[in-house]
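Inspection log for the structure reproduced underneath, given as structure tokens.
Read the figures in this text as sums done on the coordinates, not as results from a lab. Since the model is a prediction, treat every value here as computed from it, not as a measurement. So basically every Cβ, Gly included, is an ideal-geometry build from the backbone, and we count neighbours across all protein chains shown.
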């Protein structure tokens with residue numbers, strides 16, 4: 001079954017900032033768009049890094065009218081008293097940014113987020129140009145598929161197209177992501193494959209197997225013994241002559257090498 005990829009759930013309309021943007025411009029973007037971080041790209045849309053409030057909080061200097069500085073997250077909400085540091089986005093950003101390819105699986109994206117303790121990943125192409133962004137909530141979109149959509153994929157893609165089960169032999173019902181398979185297949189292996197492939201359909205959280213089958217073809221058959229061929233050299237390498245030659249080999253096997261060679265030559269005459 002086709003596995004959902006990052007491209008299926010990512011957001012392509014990404015807010016970015018140029019690499020030469022000032023710190024004040026970065027703060028304006030974060031505040032106006034109500035986001036916690038913004039990717040920094042060059043003029044070719046190649047991702048260079050990310051600037052977040054965490055990167056800025058130690059660089060923004062807020063002072064009261066008496067000239068005393070105040071620290072803390074709340075200071076960014078007083079722009080009229082802010083003293084922005086000199087420099088550009090490149091000088092305050094964190095880099096390199098955590099990125100992932102658009103063709104990566106959702107499980108790979110979730111594993112990267114978990115290990116890196118982040119809530120988002122930038123999606124890039126092979127040229128490292130920005131393609132989109134994927135968040136933790138995006139990874140859950142696979143479970144928002146309608147039951148009717150899941151049922152349609154199970155019946156037409158799994159049962160009919162992949163396993164070529166005749167229509168009507170197997171029925172599928174879906175309730176809140178749980179698929180129930182009922183009916184009868186010709187072979188047990190087909191029934192097992194139907195359950196396994198259904199479990200791989202995006203959005204399926206469980207499968208209730210109520211399938212019957214006509215023949216159990218899972219039992220391994222004993223391999224047939226190959227008939228021995230009549231080989232005139234059979235047994236020579238273990239010190240015996242062929243049984244059909246009529247020339248017995250000395251039982252005590254104490255003959256010299258010349259005697260054994262002569263006996264073998266006589267057997268072939």
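What to note about this one:
- In region 14-40, the residues that are touching a residue at least 40 places away in the same chain (Cβ under 8 Å) and not in a helix (DSSP H, G or I): 14, 16, 17, 18, 19, 20, 21, 22, 37, 39, 40
- When region 113-140 is limited to residues that are under 17 Å from the mean Cα position of the chain (by Cα) and surrounded by fewer than 16 Cβ atoms within 10 Å (Cβ to Cβ), the one that is nearest to residue 9 (Cα to Cα) turns out to be 140.
- The set of residues in region 26-61 being surrounded by fewer than 16 Cβ atoms within 10 Å (Cβ to Cβ) and under 14 Å from residue 91 (Cβ atoms) consists of 58, 59.
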